[in-house]
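Taking it in order: structure first as structure tokens, then the write-up.
The values are calculated or read from the model by the stated rules, or taken from the named source; none is laboratory data. In this text, all values refer to a predicted model and were calculated from it rather than measured experimentally. Note: ideal-geometry Cβ built from the backbone for every residue, glycine included; neighbour counts use all protein chains shown. Side chains included, ligands, DNA and RNA excluded: accessible areas come from the protein's heavy atoms. Shrake-Rupley method; radii C 1.70, N 1.55, O 1.52, S 1.80 Å.
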Amino acid sequence: MAGGGLPAAAGGSEFEAKITPIVIISCIMASTGGLMFGYDVGVSGGVTSMGDFLKKFFPVVYRRTQEEELDSNFRTQEEELDSNYCKYDNQGLQLFTSSLYLAGLTATFFASYTTRRLGRRLTMLIAGIFFIVGVILNAAAQDLAMLIIGRILLGCGVGFANQAVPLFISEIAPTRIRGGLNILFQLNVTIGILFANLLQYLEVYDQMVHSLKMVKPVRIEGGWGWRLSLGLAGIPAGLLTIGALMVVDTPNSLIERGKLEEGKAVLRKIRGTDNIEPEFLELVEASRIAKQVKHPFRNLLQRRNRPQLIIAMALQIFQQFTGINAIMFYAPVLFNTLGFGSDAALYSAVITGAVNVLSTVVSIYTVDKLGRRVLLLEAGVQMFLAQVIIAIILGIKVKDHSDDLHKGFAIFVVIMVCTFVSAFAWSWGPLGWLIPSETFPLETRSAGQSVTVCVNLLFTFVIAQAFLSMLCHFKYGIFLFFSGWVFIMSIFVWFLVPETKNIPIEEMTERVWKQHWLWKRFMDDNVVGDIAMSGNGEKKNGHANGADPVSQL
């Protein structure tokens, strides 16, 4: 689907760029890394609610969930006193979910090196290989150690994919649709979650067939349903691997690694025009500056890079403290805790997954029209109200040893959860990845993305490891806890997050940071990171002394 040759940038430099098929296809193939990530998020919650899985790996949790079916002689005093909110409070069970993110946190530092030295494309290929091996170990797991090792390898894949994919898409996309294409990654995350929830709902119970009484409920017998759920992650893992083999690397990456002619040829190909000289020269100049930075991670701490670093880190922390991953990881467990039956719990999780997908599509169509700030601020109000209402209902209706959540209230809770999920899906979900990927300058972009992914996975690990314990101790107050964070992050956006809509990546410093009421104080024109001054005192950034940036590489 080719478009007309409209200028890609609004104001400032205008680079001619068509919406070419190769860009669309490349972005779709690269974003399948999000499909793998999302499927894992969704499958974790569903598998941890499966009786056969719990019986094999977490028998203590299994006994708690089956308490009503046990003879009282087999119940321990502790199990008798378990609250509705504490059935799944088990550190080992939480480690199954969180170990992936701890591994991803570590892997992202290695991914920063490969992204810079080997390119975005090869880094995605490495991620795909990690995913495939991890899936095989998970599906064939015979004990908890094998299960956790598989999860660690999946985590390595997450670290490499989350490092490379957002950079790849931001660099290859025309400016005017950069936001929408970048959100394809998050869209695939939501599709992966929905796909996982659907599979697990069908594994537990075929609701439609049962309601029509056509045949007996469909179940996967023999206790291998959880293996099927974990093994099917091989589909998105394979797609990412194949996609990485098919796509071209970004012009930014090729030029950064000294492959100027190849980078220029790829730029001409993806832009669909021969008039690429202005954009090419800007990329070369950015690369020249980047090459003078010998220590990208240390350079991130330079004064002029603090605004991007602070915002990138804050967005990742806030994204996790919206509470979204607590809901997505453990949606079936959460609904089961609130008094839904196991099939109804998974059915509700499927509904929230579908809302997640549809709302992410909304973001794709609005992010480059309405802008980033509008979506973040509107969603803050919506998420805050939804969580407060959920807390009030649960505080009144769900007690430690009773779940008087009548059908009407249960439906209303699902509606409020969907309200919360929809707001997150068109705001903090995709924009938490989009904004950091488009704001760092080339000289710190790979290192900045590495820190972004690291902070995200660190706090994802914290939430995944702590949520079931928090649910046990906070009870309904868990939603008040997260709503308080939503309020804080909305204030942060209002005052400190600038608008980056329709701004070319290489012009962020001049047109965004130097125009912001606070961050402009950090923009020191006399220093570009750790780039030295020339002997006569003139700056080496820009086209110093009128030199051709190509000849200086």
Carbon plus sulfur fraction of accessible area for the range 88-194, probe 1.4 Å, in percent: 77
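By average Cβ neighbour count within 10 Å, what is the ranking of 312-325, 444-457, 150-163 from highest down? Before the final figure, lay out each step's value.
Numbers: 312-325: 22.1, 444-457: 25.7, 150-163: 27.7.
With the highest mean Cβ count within 10 Å placed first, the list reads 150-163, 444-457, 312-325.
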Using per-residue counts of other Cβ atoms within 10 Å, averaged over each peptide, order 227-238, 172-183 from highest down. 172-183, 227-238
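Classify the range 429-512 from the C-alpha gyration tensor, please: rounded if a/c falls under 1.5, else prolate or oblate depending on whether a/b exceeds b/c. Don't jump to the answer; show the numbers that get you there.
Working: a/c = 4.12, a/b = 1.91, b/c = 2.16.
It is oblate, given that a/c is not under 1.5 and a/b is not larger than b/c.
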Rounded to whole angstrom, the alpha-carbon centroid of the range 431-461 lies from that of the range 270-329 at a distance of 7
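When you count, for each residue, the other Cβ atoms within 10 Å and take the mean per peptide, how do 18-25, 99-106, 477-484 rank with the highest first? If you can, show how the numbers build up before the last one.
Details: 18-25: 17.1, 99-106: 23.8, 477-484: 19.1.
Those peptides, ordered most packed to least, come out 99-106, 477-484, 18-25.
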